[in-house]
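A.B. asks: To start, I am sharing the structure in question, which I have written as structure tokens.
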Amino acid sequence: MYFVSTRDTSKTKYSSCDVIRRGISPDGGLFFPEDAVSFTEKELEDIKKAPYAERAAKVLSKYLTDFTYDELLESCDAAYSASHFPVGAAPLRVFGDDSFLELYHGPTCAFKDLALQLMPRLLSLSIEKSGIGGDALILVATSGDTGKAALEGFKDVKRTKIMVFFPNDGVSEIQKKQMLTQKGENVKVVGVTGNFDDCQTGVKTLFNDEKTISAISGKGCFFSSANSINFGRLVPQVAYYVSASLDMAKDGKVCNITVPTGNFGNILAAYMAKKAGLPIGKLICASNSNNVLTDFFNTGVYDRRRDFRVTASPSMDILVSSNLERLIYLVCGAEKTALYMKELKENGVFRLDDADMAVIRNDFAAYFANENECMAEIKRVYTGNDYLIDTHTAVASFCADRYKKETGDKSPMMIVSTASPFKFAPAVCASLGVESGNGFDAVDKLSAFTSLPVPAPINGIRNEKERFSDVISPSSLGDAVIDFA
Ligand SMILES: *Cc1c(COP(=O)(O)O)cnc(C)c1O
């Protein structure tokens, strides 16, 4: 299997090792498999019989053909062990016909662990296999959860260094504490006086900046990325959709899936699973008040020229959803994709043809929840089902409900649950009418109110010392990177 750039398929083709190591194509596009992947009935039957790590390895082996099945299985076994995921990697919590897919039982209590416990292992293998010298310098722009999950995944992984940039005022207190207390000899965490888009744009620019590349190369490093634009992040996510949709499929019914969406990585993985032949119906793209994607799916116009809102679901506070480029590529082809991305960069807006939008709307619907709706949904689900969800999951739950009411579609619904409610305890407390302060005060009040235990990874950082304190402006990212290398 070879990979091409979403902006030009006629040039170089890349192997899966290359793709994981490079993160982003030299022309600024994103990597995507040249050929469509699909599973046979027999393969799906075999997957269904296997435990989770084996299911994941079987899915990975369809996309990442540079690795032997045994290498993939060994990596998946290590990544999804009970020590990292004590109650399982991707359990379904069933309520009648519908389910929540709980993806937050990993070391950082957010769904990004599913990809980031695995991907560093694949990167290490890729560097070994390529026989290249030097260390991979991982740059991460994070709206909160990726940063911690990447730090945990890469800490002390040999031949890697990791540097994380986060919006200094755009993440929760617990998220910040999780990152600033990170252990490991090869890690660095820096706050940026800007929003997530400033961090992401800064990192994307550095990846293709000749001056910075040569400066870090002089120090024995080359760039790599762990952001969800890296294809190595996507396939482990495809794996849990394959796994969960097979488990949900009953009596020949397909399930719809609602995904709380920010950078469009998680929902794109669901789309890839659908395209590979899994029993999946509609994909509902759920946004918070940064509803640029809702508008896109409903009008065909992607317009980032709007105010950025800080919400109670900060991991979805995004105006440029990078992985949308892969969907556009799959539907419109590379030539149009290159054009649209240029328009987005230069004018902040692009518009798809009606015919292309019609194709997209066969698979996708889109809704958003404002702040009040998100809070009310946490209360509704807790009161109605005695089930506690976080702010991101609440956005999805609200949108799933809206979709059902508006369309009358009675298919089983899978709602993707992306973070532990304890990670966003102040907002969850407020939604339930529990008075609380910030940080650990809210965590403890939430635990007392619900009688649920505080997850071990959150409890564990309570008394840890913060190791990092740098805060820089968006324009100084380059210098900080060269310094760290
Ligand atoms: C990252 C994140 C999201 C958004 O996922 P994307 O792949 O960026 O769309 C949603 N919820 C939580 C809790 C997250 O950490």
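A.B. asks: May I ask you to say which residue of Leu388, Leu327, Leu344 is in contact with a Phe, Trp or Tyr (Cβ under 7 Å, 6 or more places away or on another chain) and not in a helix (DSSP H, G or I)?
C.D. replies: Details: Leu327 fails: not in a helix (DSSP H, G or I); Leu344 fails: not in a helix (DSSP H, G or I).
Only one candidate passes the filter, namely Leu388.
A.B. asks: Oh, and also: State the number of residues belonging to the stretch 301-349 that are within 24 Å of Asn372 (Cβ to Cβ) and touching a Lys or Arg at 6+ places or on another chain (Cβ under 6 Å).
C.D. replies: Counting residues in the stretch 301-349 that are within 24 Å of Asn372 (Cβ to Cβ) and touching a Lys or Arg at 6+ places or on another chain (Cβ under 6 Å) gives 1.
A.B. asks: Given the conditions (1) within 23 Å of Ile318 (Cβ to Cβ); (2) part of a loop (DSSP other than H, G, I, E, B), report the number of the one that Phe67 does not fulfil.
C.D. replies: Of everything listed in (1) within 23 Å of Ile318 (Cβ to Cβ); (2) part of a loop (DSSP other than H, G, I, E, B), Phe67 misses just condition (1).
A.B. asks: Would you confirm whether any residue within the stretch 106-120 is assigned to a loop (DSSP other than H, G, I, E, B), within 16 Å of the ligand (Cβ to nearest atom), closer than 23 Å to Ala312 by Cβ and not hydrophobic (A, V, I, L, M, F, W, C)? Spell out the reasoning first.
C.D. replies: Let us first name the residues in the stretch 106-120 that are assigned to a loop (DSSP other than H, G, I, E, B), namely 106-109, 111, 117-118.
If we keep only those that are within 16 Å of the ligand (Cβ to nearest atom) too, we end up with 106-109, 111, 117-118.
Retained after the next criterion (residues that are closer than 23 Å to Ala312 by Cβ): 106, 108-109, 111.
Of the ones still in play, those that are also not hydrophobic (A, V, I, L, M, F, W, C) are 106, 108.
For the stretch 106-120, residues assigned to a loop (DSSP other than H, G, I, E, B), within 16 Å of the ligand (Cβ to nearest atom), closer than 23 Å to Ala312 by Cβ and not hydrophobic (A, V, I, L, M, F, W, C): present.
A.B. asks: Among the residues of the stretch 403-431, write down those that are in a helix (DSSP H, G or I), more than 16 Å from the ligand (Cβ to nearest atom) and surrounded by 19 or more Cβ atoms within 10 Å (Cβ to Cβ). If you could, list the steps in order and put the result at the bottom.
C.D. replies: Going through the stretch 403-431, the residues in a helix (DSSP H, G or I) turn out to be 403-407, 421-431.
Among the residues that remain, those that are also more than 16 Å from the ligand (Cβ to nearest atom) are: 403-407, 429-430.
Result: Tyr403, Cys429.
A.B. asks: Let me ask another. Since Ser475 meets every condition but one in (1) surrounded by fewer than 17 Cβ atoms within 10 Å (Cβ to Cβ); (2) within 25 Å of Lys112 (Cα to Cα); (3) more than 25 Å from the chain's Cα centre (by Cα), which condition does it not meet?
C.D. replies: (2)
A.B. asks: Please enumerate the residues belonging to the stretch 118-139 that are in contact with a helix residue (DSSP H, G or I) (Cβ under 7 Å, 6 or more places away or on another chain) and modelled with pLDDT under 90. Break it down stepwise before answering.
C.D. replies: Residues of the stretch 118-139 in contact with a helix residue (DSSP H, G or I) (Cβ under 7 Å, 6 or more places away or on another chain): 118-123, 125-127, 129-130, 136-139.
Scanning the stretch 118-139 gives a single hit, Ser130.
A.B. asks: Another one. Exactly one condition in (1) touching a residue at least 40 places away in the same chain (Cβ under 8 Å); (2) in contact with a helix residue (DSSP H, G or I) (Cβ under 6 Å, 6 or more places away or on another chain) is false for Lys465; which is it?
C.D. replies: Checking Lys465 against (1) touching a residue at least 40 places away in the same chain (Cβ under 8 Å); (2) in contact with a helix residue (DSSP H, G or I) (Cβ under 6 Å, 6 or more places away or on another chain), the one that fails is (2).
A.B. asks: Scan the stretch 121-146 residue by residue and report those that are surrounded by 24 or more Cβ atoms within 10 Å (Cβ to Cβ), over 16 Å from Ser217 (Cβ atoms) and more than 16 Å from the ligand (Cβ to nearest atom).
C.D. replies: Leu122, Leu123, Ser126, listed by residue number.
A.B. asks: Sticking with this one: For the stretch 305-325, name all the residues that are out of contact with any Asp or Glu (no Cβ under 8 Å at 6 or more places or on another chain) and away from the ligand (no atom under 15 Å from the Cβ).
C.D. replies: Within the stretch 305-325, Arg305, Arg306, Asp307 meet the criteria.
A.B. asks: Which one of Ala249, Ala226 is more than 21 Å from the chain's Cα centre (by Cα) and of a type in the set (A, V, I, L, M, F, W, C)? Walk me through how you get there before you give the answer.
C.D. replies: On the way: Ala226 fails: more than 21 Å from the chain's Cα centre (by Cα).
From the options Ala249, Ala226, the qualifying one is Ala249.
A.B. asks: For the stretch 245-273, how many residues are in a helix (DSSP H, G or I), buried (at least 20 other Cβ atoms within 10 Å of the Cβ) and more than 16 Å from the ligand (Cβ to nearest atom)? Steps first, answer last, please.
C.D. replies: Kept after step one, since they are in a helix (DSSP H, G or I), are these residues of the stretch 245-273: 245-248, 265-273.
Still in the running and buried (at least 20 other Cβ atoms within 10 Å of the Cβ): 245, 248, 265-273.
After this cut, where a residue has to be more than 16 Å from the ligand (Cβ to nearest atom) as well, the list is 245, 248.
Qualifying residue count for the region: 2.
A.B. asks: Does Val454 qualify as being touching a helix residue (DSSP H, G or I) at 6+ places or on another chain (Cβ under 6 Å), aliphatic (A, V, I, L, M) and without any contact (Cβ under 8 Å) to a residue 60 or more places away in the chain?
C.D. replies: Values: touching a helix residue (DSSP H, G or I) at 6+ places or on another chain (Cβ under 6 Å): yes; aliphatic (A, V, I, L, M): yes; without any contact (Cβ under 8 Å) to a residue 60 or more places away in the chain: yes.
Yes.
A.B. asks: With the requirement that a residue be surrounded by fewer than 20 Cβ atoms within 10 Å (Cβ to Cβ) and more than 22 Å from Val203 (Cα to Cα), what does the stretch 307-331 give you?
C.D. replies: Within the stretch 307-331, Leu330, Val331 qualify.
A.B. asks: What do you reckon, is Gly281 away from the ligand (no atom under 16 Å from the Cβ) and on the phi > 0 side of the Ramachandran plot? Even if it seems obvious, please write down each step before you answer.
C.D. replies: On the way: away from the ligand (no atom under 16 Å from the Cβ): yes; on the phi > 0 side of the Ramachandran plot: no.
Answer is no for this residue.
A.B. asks: What is the residue count in the stretch 440-469 for residues that are over 26 Å from Ala82 (Cα atoms) and either among the basic types (Lys, Arg) or within 24 Å of the chain's Cα centre (by Cα) (or both)?
C.D. replies: 3
A.B. asks: Collect the residues in the stretch 280-300 that are outside any loop (DSSP other than H, G, I, E, B), among the polar types (S, T, N, Q) and surrounded by fewer than 24 Cβ atoms within 10 Å (Cβ to Cβ), keeping them in residue-number order.
C.D. replies: Thr294, Asn298, Thr299
A.B. asks: Looking at the stretch 142-161, which of its residues are in a helix (DSSP H, G or I), under 21 Å from Leu125 (Cβ atoms) and without any contact (Cβ under 8 Å) to a residue 60 or more places away in the chain? Lay out the reasoning, then the answer.
C.D. replies: Let us first name the residues in the stretch 142-161 that are in a helix (DSSP H, G or I), namely 145-154.
From what's left, under 21 Å from Leu125 (Cβ atoms): 149-154.
Ala149, Leu151, Glu152 - these are the residues of the stretch 142-161 that are in a helix (DSSP H, G or I), under 21 Å from Leu125 (Cβ atoms) and without any contact (Cβ under 8 Å) to a residue 60 or more places away in the chain.
The values are calculated or read from the model by the stated rules, or taken from the named source; none is laboratory data. Since the model is a prediction, treat every value here as computed from it, not as a measurement. For neighbour counting, all protein chains shown are included, and Cβ atoms are generated from backbone atoms with ideal geometry for every residue, glycine included.
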